[in-house]
Amino acid sequence: MLFSQRMGYKPVREAIQFESVDTALRNGLWNALHYNWWYKTDKSEWGIDEDVESILTHIWVDYFKKAIDEKPVDMLKSLKHYFLTCKWFEVYDLIEFIANMEPAGKDFADRCNYALEREASAYRLVDNRFVPNTTNEELTEIEEAIDHTHDKKAVELHLRRALELLSDRAQPDYRNSIKESISAVESLTKLISGDQKATLGTALRLIEKDGSVQIHKALSNAYSALYGYTSDSAGIRHALTEGEEPLHFEDAKYMLVSCSAFINYLLAKADKAGKTLSL
């Protein structure tokens with residue numbers, strides 16, 4: 001992991017690839033295309049497979065809208081160069097075009113989605129269409145929570161660590177990312193309640209009892225229950241048990257977004273109440 005990622009200086013929208021496709025993701029998606037179609041060329045006695053040649057011709061004529069007699073001799077090589085250098089959204093455009101032109105099947109979607117999840121992309125391939133797995137609004141919640149907690153270091157560090165573990169391309173740790181997200185909320189409730197030894201549930205009860213910072217009862221109960229889920233014998237904070245389903249990007253992302261939104265909510269409520277959060 002690079003310095004900028006370890007220290008939390010990499011922007012949220014780069015950590016989760018929202019309007020970008022880096023080299024590793026491009027290569028992963030190109031490999032998905034290769035395993036589904038281009039591999040036939042490697043097995044062809046003449047160096048190009050007729051089915052592949054037909055696909056490439058359609059891409060040249062119908063996607064690029066070029067004259068047929070100007071098609072490059074080595075179209076596959078030209079296409080690869082384009083794919084690895086074009087704008088981020090054009091990568092997704094081309095894959096959608098190919099997948100809808102030539103029946104792709106589940107294996108192709110699985111390969112694409114494996115690369116998309118591995119490289120922390122904000123999109124997934126569903127029914128031959130790329131759909132947002134992460135929205136602009138969700139990323140904004142995370143950005144605002146991190147930005148608004150610079151003077152509350154424990155909260156900020158937990159949030160940055162949650163993002164780091166979620167977006168680690170080499171070895172994502174979704175379980176510990178979830179722990180860090182919940183810990184960020186817990187740290188803030190400790191500040192608001194004034195009890196640095198309190199758990200999240202206890203801190204929320206203290207805040208409710210004090211009454212100066214008014215939190216909707218349903219939200220308070222929801223996060224108390226969520227904390228219980230992460231802390232009980234079968235919860236997130238304990239070792240993975242035999243047969244337990246592994247966690248995925250969407251699980252950890254949901255928790256980071258939800259906890260970021262709750263932190264923004266708590267900060268707004270505390271500010272409205274005129275409460276100074278002592279460190």
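The values are calculated or read from the model by the stated rules, or taken from the named source; none is laboratory data. As the structure is a prediction and not an experimental result, all values here were calculated from the model. As a convention, Cβ positions derive from the backbone with ideal geometry for all residues, glycine included, and neighbour counts pool all protein chains shown. The protein model used for the area step is the full one, side chains on, heavy atoms only, and it has no ligands, DNA or RNA in it. Shrake-Rupley method; radii C 1.70, N 1.55, O 1.52, S 1.80 Å.
The magnitude of the dipole of the chain, with charges of +1 and -1 set on the Cβ of Lys/Arg and Asp/Glu and taken from the Cα centre, is near 1260 debye. Label-to-label distance, His58 versus Arg118, with points set 7 angstrom from Cα along the beta-carbon direction: 2.7 nm.
Computed from Cα atoms, the angle from the helix 136-147 axis to the main principal axis of the chain rounds to 50 degrees. Measure nothing fancy, just the Cα-based angle from helix 153-167's long axis to the longest principal axis of the chain, in degrees from 0 to 90, nearest 10. Relative to the chain, helix 153-167 is tipped by roughly 20 degrees.
Projected label points at Ile48 and Ala222, each 7 Å from Cα along the beta carbon direction, are separated by 5.7 nanometres. Take every pair of alpha-carbon atoms less than 8 Å apart whose residues are at least six positions apart; their mean separation over the length of the stretch 17-152 yields a relative contact order of 31 percent. When every alpha-carbon pair in the stretch 15-123 is counted, what percent end up more than 20 Å apart? Of the Cα pairs, 40 percent sit more than 20 Å apart. Note on the stretch 90-234: Kirkwood hydrodynamic radius from all Cα pairs is 17.8 Å, rounded to one decimal.
Using a 1.4 Å probe on the protein chains only, how many percent of the accessible area of the stretch 73-225 belongs to carbon and sulfur? Using a 1.4 Å probe with all protein chains present, the stretch 73-225 comes out at 51 percent carbon and sulfur.
Comparing Ile142, Ala122, Val155 along the charge dipole axis of the stretch 116-157, the residue lying farthest to the positive side is Ala122, per the Cβ-charge model.
Averaging 1/r across all pairs of distinct Cα atoms in the stretch 59-147 and inverting the result yields a Kirkwood radius of 15.1 Å. Placing unit charges on each Cβ (+1 for Lys and Arg, -1 for Asp and Glu) gives the chain a dipole about its Cα centre, and among Ile55, Trp30, Trp88 the Cα reaching farthest toward its positive end belongs to Trp88.
Reducing the stretch 246-266 and the stretch 112-181 to their Cα centroids gives an inter-centroid distance of 8 Å.
Applying the criteria of a DSSP loop state and at most 12 other Cβ atoms within 10 Å to the GluC sites (Glu not before Pro) of the stretch 91-146 yields no site.
Taking a 24 Å limit on the Cα-Cα distance, which of the listed pairs Lys65/Lys87; Lys106/Lys179; Lys209/Lys275; Lys40/Lys106; Lys197/Lys253; Lys190/Lys269 fall beyond it? Check vs 24 Å cut-off fails for Lys106/Lys179; Lys197/Lys253. Surface analysis of the chain yields an accessible area of 53 Å² per residue, using protein heavy atoms and a 1.4 Å probe.
Between the helical axis of 23-33 and the longest alpha-carbon principal axis of the chain there is an angle of about 50 degrees. What does the C-alpha gyration tensor say about the overall shape of the stretch 109-166? Classify as rounded when a/c is under 1.5, otherwise prolate if a/b is larger than b/c, or oblate. Oblate, because a/c is 1.5 or more while a/b does not exceed b/c. Taking a ≥ b ≥ c as the square roots of the Cα gyration tensor eigenvalues, with a/c under 1.5 meaning rounded and otherwise prolate when a/b beats b/c, else oblate, which class fits the chain? Taking the square roots of the gyration eigenvalues as a ≥ b ≥ c, the chain is prolate.
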